[in-house]
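Trainee: This is the structure I have questions about; it appears just below.
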Amino acid sequence: MFGRYSIDKEGLILANQGEKLADFKEKVPGATFLPDEDNIIPILDDEYYTDDIVGRFKEFLKLTFGAETLSENLDFIAGALSKKGEASEKVIRDYFLKDFYKDHVKMYKKRPIYWLFTSGNEKVFNALVYMHRYDKTTLAKMRIDYLLDFESKLDAQRSLLEKEITENLENRRKAESELAKLNKKIEELVKYDELLQHKADQMIEIDLDDGVKVNYEKFEGLVGKI
């Protein structure tokens with residue numbers, strides 16, 4: 001999904017600092033599956049964006065194993081992740097939201113190459129970034145194209161709930177409960193945005209030669225704790 005590997009060519013593809021989608025296309029001309037364009041893959045509680053991680057994962061499965069077996073493969077993967085009997089896509093989304101990063105950090109011995117930017121305890125906003133493709137504009141892109149846009153989507157939901165509370169007395173209690181939860185989510189996003197904007201304005205550079213630990217600490221408060 002980030003271009004470190006390709007289904008069309010063996011070995012590492014994008015593994016040098018600052019490499020971009022254009023470099024991938026040059027190294028793997030006519031690639032079957034292209035990596036994410038902006039190096040930011042959102043992990044949210046629903047599919048708000050076309051490059052949502054579950055949506056991209058499904059596309060990967062279609063291209064590698066065939067569209068006709070997509071449902072079967074989703075069920076197989078969900079069954080390996082959970083025995084709760086929930087819908088396969090929900091199980092897979094929950095895994096990406098709650099457990100994927102812990103597994104990744106463990107696999108890379110606390111030196112992750114994919115960094116999870118996450119808004120806080122409620123994990124309202126989450127996005128993965130591949131450190132080798134990071135550049136000083138990544139945080140600004142994340143804020144403008146995803147975080148602020150996501151906040152506006154939740155604001156629109158809030159307006160609908162407020163309208164329902166005043167106009168639909170039968171569902172008022174349910175709407176009030178949902179509004180309280182939504183306000184808590186938006187509050188987390190607003191706090192996260194303050195820090196993200198501050199860091200984005202700094203145009204932070206990283207140097208892979210310094211190692212993961214040194215570079216990761218530059219984003220303290222924005223990324224998941226290790």
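The values are calculated or read from the model by the stated rules, or taken from the named source; none is laboratory data. This structure is a prediction, so every number in the text was calculated from the model and none was measured. When the accessible area is computed, the model is the full protein with side chains, heavy atoms only, and any ligands, DNA or RNA have been set aside. Shrake-Rupley method; radii C 1.70, N 1.55, O 1.52, S 1.80 Å.
Trainee: If I take every Cα pair under 8 Å that is 6 or more residues apart in the chain, average their sequence separation and divide by the length, what percent do I get for the relative contact order? Write down the numbers at each step before the final one.
Mentor: Details: 264 pairs, mean separation 44.9, N = 226.
Reported as a whole number, the value is 20 percent.
Trainee: While we're looking at this one, here's another question. For helix 172-201, what angle does its Cα long axis make with the longest principal axis of the chain, in degrees from 0 to 90 and rounded to 10?
Mentor: Roughly 40 degrees, rounded to the nearest 10.
Trainee: With axes computed from alpha carbons, what is the tilt in degrees of helix 70-81 against the longest principal axis of the chain, rounded to the nearest 10 within 0 to 90?
Mentor: 80
Trainee: Considering only protein heavy atoms, with the full assembly of protein chains and a 1.4 angstrom probe, order Met107, Met203, Met131 by accessible area, largest first. All intermediate terms of the calculation are to be shown ahead of the outcome.
Mentor: Numbers: Met107 145, Met203 80, Met131 5 Å².
Accessible-area ranking of Met107, Met203, Met131, largest first: Met107, Met203, Met131.
Trainee: With everything on Cα atoms, drop me the angle between helix 88-98 and the longest principal axis of the chain, reported from 0 to 90° to the nearest 10.
Mentor: Once rounded, one gets 80 degrees.
Trainee: Just list whichever of Lys102/Lys213; Lys191/Lys213; Lys110/Lys218; Lys90/Lys181 have alpha carbons separated by over 18 Å in the model shown.
Mentor: On the way: Lys102/Lys213 16 Å; Lys191/Lys213 25 Å; Lys110/Lys218 16 Å; Lys90/Lys181 20 Å.
Over 18 Å Cα-Cα: Lys191/Lys213; Lys90/Lys181.
Trainee: Can you give me the convex hull volume of the Cα atoms of segment 79-226, divided per residue and expressed in Å³? Numbers along the way, then the final one.
Mentor: Values: hull volume 19.1 nm³, N = 148.
Taking only Cα atoms, segment 79-226 has a hull volume of 129 Å³ per residue.
Trainee: So, with a 1.4 angstrom probe, what is the percent of accessible area on the chain that is carbon and sulfur? Before the final figure, lay out the partial values.
Mentor: Working: 6470 of 12960 Å².
Answer for the chain: carbon and sulfur cover 50 percent of the accessible area.
Trainee: Can you run phi through the Karplus equation (6.51, -1.76, 1.60; θ = phi - 60°) for segment 12-25 and list ³J(HN,Hα) in whole Hz, with x for Gly and Pro?
Mentor: So the J values, rounded to whole Hz, are 5, 10, 9, 9, 10, 4, x, 5, 10, 4, 4, 5, 5, 4.
Trainee: What is the set of long-range amide H partners of Phe125 at a cut-off below 5 Å, with H atoms built 1.01 Å from backbone N?
Mentor: Hits under the 5 Å cutoff: Ser119, Gly120.
Trainee: Pairs of alpha-carbon atoms within less than 8 angstrom and 6+ residues apart define the contacts here; what relative contact order does segment 14-101 have, in percent? Don't skip to the answer; put the middle values down first.
Mentor: Numbers: 60 pairs, mean separation 17.9, N = 88.
Worked out over segment 14-101, it gives 20 percent.
Trainee: From the helices alone, meaning DSSP H stretches of at least four residues, give me the mean residue ellipticity at 222 nm for the chain, per-run term -39500 (n - 2.57), in deg cm²/dmol to the nearest 500.
Mentor: Working: 9 runs with 110 residues, N = 226.
Here the helix-only value at 222 nm equals -15000 deg cm²/dmol.
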